[in-house]
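Novice: So that we are looking at the same thing, I have put the structure below in structure tokens.
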Amino acid sequence: MGIEEKAGNLGVVTTSLEYVVNWGRTNAMWPLLFGLACCAIEMMGAQASNYDLSRFGMELNRASPRQADLMIVAGRVSRKMAPVVRRLYDQMPEPKWVVAMGDCAACGGVFNNYAIVQGVDEVVPVDVYVAGCPPRPEALIDGIMLLHQKVMREKISGQKEQPVRLQQPLIQVK
Amino acid sequence: MDNAHLLATLRERLGTGIIAVGEHRGDLSLTLAPGAYYAAAQYLRDDPDLAYHFLENLCGVDYLGREPRFEVVAHLVSLRHGHRVCLKVGAPEASPRVPSLTPLFPTANYQERETYDLLGIAFDGHPSLTRILMPEDWVGHPQRKDHPLGEEEVAFTFNQDSIYARKPFAKS
């Protein structure tokens, strides 16, 4: 009397625990429900029916940081908001990831002034930066796919990859 | 209600308290001595023939290089007479202090806090003069003209190494 009598003949699947764990994490990655500025509108667009982020198991935006795996920082972070963002990040359970959506969250964008944090990576460790002002929903989905690939490469020890930096400019001026 | 009548009434009332008078697009503006500022606002509000009951706007200006360097600008509106008047009062750079209008107009409370927060002009008689927009531990007043505009250098590929070396990245 085993499981095969109830579920039918499943056959045998061999895989590594690392792969199964990472696969499970990527396919039900729930973002934290918060938006800081205009990028949040595009984030909502990515989750609505046209772009349908729920194809990737991400239709649930959790309003509580205790139930969220992914923080999408959608918008500029003011210096007054930065401690709040950090507190939300600290309240999320491990493992957790951060996507800096848009130029403002990535590097301050057009707001190089006293009130805006010049990149949310000063406050929380960022896994993927999505460029754009604001990025279209396709760009956000692309960034999330990139994050999924990154999570699939994670080790079972929980060690995270080091960030990849651009060494050459994308556009070469001659 | 017209500007000439209003000015004559106020001159009779305040005398030398009026330092300068200006008119722009039909709106009267009065530069007042700090001692006459509160009295002028109270008179404009309480006199039944004037009835400037509505404080439309209160803000500060930084005229860097001029003395008095700061100026507080208040716009009063008489809804009954459909008329508007602008009150200005200077504040010296050494100790910018201006009487508060909050006892007369409760709406001045937050606007004076904002002026204090961003320009560092203190309001005497304000019930709780604390920062309203900037974080409480902020040092300085960012809307002053001599406050640095940008806080950090922008990173490009040609200078990112030197910037990232001293940028305070977050620990996980």
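Novice: On alpha-carbon atoms, Rg over Rh for the protein assembly as shown using Kirkwood Rh?
Specialist: Reported Rg/Rh, Kirkwood definition of Rh: 1.18.
Novice: Here's another thing I want to ask about it. Quick check: the angle from helix B:34-46's long axis to the longest principal axis of chain B, C-alpha only, nearest 10 degrees?
Specialist: For helix B:34-46, the angle is close to 60 degrees.
Novice: Enter the angle in degrees (range 0 to 90, nearest 10) between the Cα long axis of helix B:3-14 and the first principal axis of the Cα atoms of chain B, meaning the one along which they spread out most.
Specialist: Orientation of helix B:3-14: about 90 degrees from the principal axis.
Novice: A follow-up question, please. With springs connecting C-alpha atoms under 10 Å apart, model chain B as a Gaussian network and identify which of B:THR102, B:THR115, B:THR16 has the largest mean-square fluctuation.
Specialist: B:THR16
Novice: Work out the charge dipole of the protein assembly as shown with +1 on the Cβ of Lys and Arg and -1 on the Cβ of Asp and Glu about the Cα centre, then indicate which of A:THR26, A:SER54, B:LEU10 is farthest towards its positive end.
Specialist: A:THR26
Novice: For A:TRP30, B:TRP138, A:TRP97, give the ranking by accessible area with the largest first, probe 1.4 Å.
Specialist: A:TRP30, B:TRP138, A:TRP97
Novice: Rounding to the nearest 20 debye, state how big the charge dipole of the protein assembly as shown is about its Cα centre with +1 on each Lys and Arg Cβ and -1 on each Asp and Glu Cβ.
Specialist: 380 debye
Novice: Which whole number gives the average, over all residues in A:70-83, of C-beta atoms from other chains lying within 10 Å of the residue C-beta?
Specialist: Going residue by residue through A:70-83 and averaging, the value is 1.
Novice: Moving to a separate point now. Sticking with the crude label model, points 7 Å out along Cα→Cβ, report the distance from B:GLU67 to B:GLN42 in nm, one decimal please.
Specialist: Computed distance between label sites B:GLU67 and B:GLN42 equals 3.1 nm.
Novice: What does the charge add up to near B:LEU79, with Lys and Arg as +1, Asp and Glu as -1, over the other residues with Cβ less than 13 Å from its Cβ?
Specialist: +2
Novice: Work out the mean other chain Cβ neighbour count within 10 Å for the residues of A:113-124 and drop it here as an integer.
Specialist: Partner-chain Cβ atoms within 10 Å, mean over residues of A:113-124: 5.
Novice: Using a 1.4 Å probe and ignoring any ligands, DNA or RNA, find the accessible area of A:VAL13 and quote it in Å² to the nearest 10.
Specialist: In the full protein context, A:VAL13 sits at about 120 Å².
Novice: Turning to a different aspect of this structure: Shielding by partners for B:149-157, please: the mean number of other protein chain Cβ atoms within 10 Å of each residue's Cβ.
Specialist: Across the residues of B:149-157, the mean count of other-chain Cβ atoms within 10 Å is 5.
Novice: For region B:114-159 and region A:25-43, compute the distance between their C-alpha centroids and round to whole Å.
Specialist: 31 Å
Novice: Right, next: If each residue of separation counts as 0.36 nm, what is the full-extension length gain between B:PHE158 and B:THR9 once their alpha-carbon separation is subtracted?
Specialist: Between B:PHE158 and B:THR9, full extension yields 47.0 nm more.
Novice: While we're here: In square nanometres and to one decimal, what's the mean projected area of the convex hull around the Cα atoms of region B:3-141?
Specialist: Dividing the Cα hull surface by four gives the mean projection, 8.5 nm².
Novice: Mind checking the angle between helix A:137-152 and chain A's longest principal axis? C-alpha axes, 0 to 90 degrees, to the nearest 10.
Specialist: Around 50 degrees separate the two axes.
Novice: Follow-up question, since we're still on this one. Once R0 is set to 56 Å, what does the formula 1/(1 + (r/R0)^6) return for the Cβ-Cβ distance between B:ILE132 and A:GLU18, expressed as a FRET efficiency to the nearest 0.05?
Specialist: With R0 = 56 Å, the Cβ-Cβ based efficiency is 0.65.
Novice: Here's a follow-up. Can you send over the solvent-accessible area of A:TYR114, 1.4 Å probe, protein chains only, in Å² to the nearest 10?
Specialist: 40 Å²
Novice: What is the sum of charges around A:GLY132, taking Lys and Arg as +1, Asp and Glu as -1, for the other residues whose C-beta is under 14 Å from the C-beta of A:GLY132?
Specialist: Combined, the nearby Lys, Arg, Asp and Glu give -2.
Novice: Using only alpha-carbon positions, what ratio does the radius of gyration of chain A give when scaled by 2.2 N^0.38 Å?
Specialist: Against the empirical 2.2 N^0.38 Å value, I get 1.18 for chain A.
Novice: If you don't mind, there's one more thing I want to ask. Please find the FRET efficiency linking A:ILE41 to B:ASP49, where r is the Cβ-Cβ separation and R0 is fixed at 56 Å, and quote it to the nearest 0.05.
Specialist: 0.65
Novice: Still on this model: Given a Förster distance of 51 angstrom, what is the FRET efficiency for B:THR16 paired with B:ARG166, based on the Cβ-Cβ distance and rounded to 0.05?
Specialist: After rounding, the FRET efficiency stands at 0.35.
Novice: Please give me the summed charge of the neighbours of B:ASP117: other residues whose Cβ is under 14 Å from its Cβ, Lys and Arg +1, Asp and Glu -1.
Specialist: 0
Novice: 5 Å is the cut-off here: which amide hydrogens, built 1.01 Å from N in the peptide plane, fall below it relative to B:LEU28, excluding neighbours closer than 5 in sequence?
Specialist: Long-range HN contacts for B:LEU28: B:CYS86.
The values are calculated or read from the model by the stated rules, or taken from the named source; none is laboratory data. None of the values given here were measured: they were computed from a predicted structure. Virtual Cβ from ideal backbone geometry, glycine too; neighbours counted across all protein chains shown. To get the accessible areas, we keep the full protein, side chains included, count just its heavy atoms, and leave off ligands, DNA and RNA. Shrake-Rupley method; radii C 1.70, N 1.55, O 1.52, S 1.80 Å.
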